[in-house]
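The values are calculated or read from the model by the stated rules, or taken from the named source; none is laboratory data. Just so it is clear, the structure is predicted and the values come from calculations on it, not from any experiment. Here Cβ is always computed from backbone atoms with ideal geometry, including for glycine, and neighbour counts include all displayed protein chains. The area values use the complete protein model at the heavy-atom level, side chains included, leaving out ligands, DNA and RNA. Shrake-Rupley method; radii C 1.70, N 1.55, O 1.52, S 1.80 Å.
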Amino acid sequence: MSKRKAPLVIRVAELFAGVGGFRLGLERASNDGVKFEVVFSNQWEPGRRAQLASNIYAARFGPSHHVNADIAQVPVKSIAEHDLLVGGFPCQDYSVASTLKNSKGLQGKKGVLWWQIHRILSEKKHRPSYLLLENVDRLLGSPVGQRGRDLAVMLRSLDLLG
């Protein structure tokens, strides 16, 4: 009789969680060898009294480890240690939902949230081994007139963090 090996548990911090798309995908990717465990999630929509996405997330997955607050106001030390940081990257400033000339990229209202990802990575005593961000249309072409600058800034900042 052979013993089953316990699965590798990968602790996940989920930023800009929306209603939980990344979490659902990771749960479905879990198997006998790997289990993804969300130890922190955050969803907050500025300027909205009704936090519908956060409410749906908490109703679906439970309120444990879920924070409905501006991520810029969440102290990094309050974010549980994690192996994988995922983010439904705030894409409105890159998305095809906006016109190309109106996309603001890293300088837009939502685009600046990239720096919160960077803040968490840079301030965490034990940085996660993995980072997984949403594939955002137009990120390669942002901003207009300096195609690819924003992605280059992101990649360089990650490189400087090691």
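General remarks:
- Taking first residues from the range 48-74 that are open to solvent by 90 Å² or more (accessible area, probe 1.4 Å) and partners that are small (Gly, Ala, Ser), the Cβ contacts under 7 Å between residues at least 6 apart in sequence or on separate chains come to Arg60/Gly20; His65/Ser41; His65/Ala80.
- Qualifying residues in the range 75-88 (those that are touching a Phe, Trp or Tyr at 6+ places or on another chain (Cβ under 8 Å) and surrounded by fewer than 19 Cβ atoms within 10 Å (Cβ to Cβ)) - the one nearest to Gly21 (Cα to Cα): Asp83
- Single residue of the range 95-136 satisfying the filter (in a loop (DSSP other than H, G, I, E, B), at pLDDT 70 or above and open to solvent by 30 Å² or more (accessible area, probe 1.4 Å)) that is farthest from Phe40 (Cα to Cα): Asn135
- Residue pairs whose Cβ atoms lie under 8 Å apart, sitting 6 or more positions apart in sequence or on different chains, and linking a residue in the range 116-135 that is within 17 Å of Asp159 (Cβ to Cβ) to a partner that is polar (S, T, N, Q) and not in a loop (DSSP other than H, G, I, E, B), are His118/Ser157.
- Scanning the range 1-35 for residues that are acidic (Asp, Glu), under 28 Å from Gln116 (Cα atoms) and open to solvent by 50 Å² or more (accessible area, probe 1.4 Å) yields a count of 1.
- Within the range 36-47, considering residues that are open to solvent by 40 Å² or more (accessible area, probe 1.4 Å) and closer than 18 Å to Gln116 by Cβ, the one nearest to the chain's Cα centre (by Cα): Trp44
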